[in-house]
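One structure below.
Since every read-out is calculated from the coordinates, none of them should be taken as a lab result. This is a predicted model, so every value here is computed, not measured. In this analysis, Cβ positions are derived from the backbone assuming ideal geometry, glycine residues included, and neighbour counts consider all displayed protein chains.
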Amino acid sequence: MSQKPEALKNVIEEVTKLVKEGYSLTGIVKEVTEAINKDVGLSKVIFNEIKESMVKISPGNVPVGLFTQCALIPSYYLTGKTPSIDWGDVTMHLLGKMIHSLAIAEIKNRLGSKCIEGVEVMYTYNAWTMRGKPDLDCGNYYLEFKTIMGRVTKARLFHDMIQAGFYSAAGNKNTYILYLVLSDGVLRNIVPIEIIPEVGYPVIYAFKLWVKAVEGGDIGALTVKTTSCKVCRFRNICIMRTRNPHEVFLPGKELLDNYLDYVKHEVSKAGVKVVG
């Protein structure tokens, strides 16, 4: 974040109060977006804060959430390219922070001092470090909150699964994804998914391959396509836009496939339709 995060923090706190009072999340996001658009000063501050929070990438800081979407994303940041960011991105960023704030506060209240925020999980290879922060570290396990609507893609579930797998593998303890299922902007269900360390080993293997490729000057040598290119912020400048990204055959594919089936089955029981 920037040196002045108060504007964004205040918006999130105000919205959190409304959510607790029972207001629809989609309605709140719409109103917040309209209010921010009317206040040019506030709009600029929040937009810049969110933009800055997305680009802090260096050899010592490769965010696992971006890497598991597509290895080209952190590669582009490292070469000085910047993504396109619009108010749709800002709105979803705000929505995610609102829901995470509520979910984390609720779980911490229930579990007491057992769970803490801000604990970083890291894996270093050749002076390059992939890192991320599970939402809560509860001692013997991590908790990671994810928001999904009534429909979700298999690629999205796979991305969530292997990101959580990295936390498990690098931290050497299970991670539980808590899917917050929304319908019409209202929280309808919470679906827990257990992710074991073995799920994250392919991510670490892919990271090693990526480091070797980037050090050799070929940022496009490894592209793990785990999410839709249609929503990628680098889609307009991507070197892969005129050709198909080549898949990387990772070890443990059968385990990953079995886990993906398990995740799909569990979220479908909560009324979420898996597409793609």
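The distance between label points at T82 and N61 comes to 1.6 nm (points 7 Å beyond Cα on the Cα→Cβ vector). Rounded to the nearest 0.05, what FRET efficiency do A127 and R188 have when you use their Cβ-Cβ distance and R0 = 45 Å? Calculated transfer efficiency: 0.50.
Computed extension length for S268-V119: 50.5 nm, one decimal, from 0.36 nm per residue of separation with the Cα-Cα distance subtracted. Here the label points at V275 and K208, each 7 Å from Cα along the C-beta direction, are separated by 3.9 nm in the simple model. Set the Cα radius of gyration of region 114-156 against 2.2 N^0.38 Å, with N its number of residues, and you get 1.53.
Note down the net charge around I107, summing +1 for each Lys or Arg and -1 for each Asp or Glu among other residues with Cβ under 14 Å from its Cβ.
On the way: positive: K108, R110, K114, K146; negative: E106, E117, D135, D137, E144.
Overall, the nearby charge balance is -1.
For E31 and K154, FRET efficiency with R0 = 51 Å and r from the beta-carbon atoms, rounded to 0.05?
Working: r = 33 Å, r/R0 = 0.65.
Calculated transfer efficiency: 0.95.
Taken along the Cα-to-beta-carbon direction at a fixed 7 Å, the label points for E106 and L255 span 3.2 nm. Amide H contacts of F145 (H built 1.01 Å from N, in plane; Pro and chain starts excluded): D135, L178 sit under 5 Å, all sequence-distant by 5 or more or on other chains.
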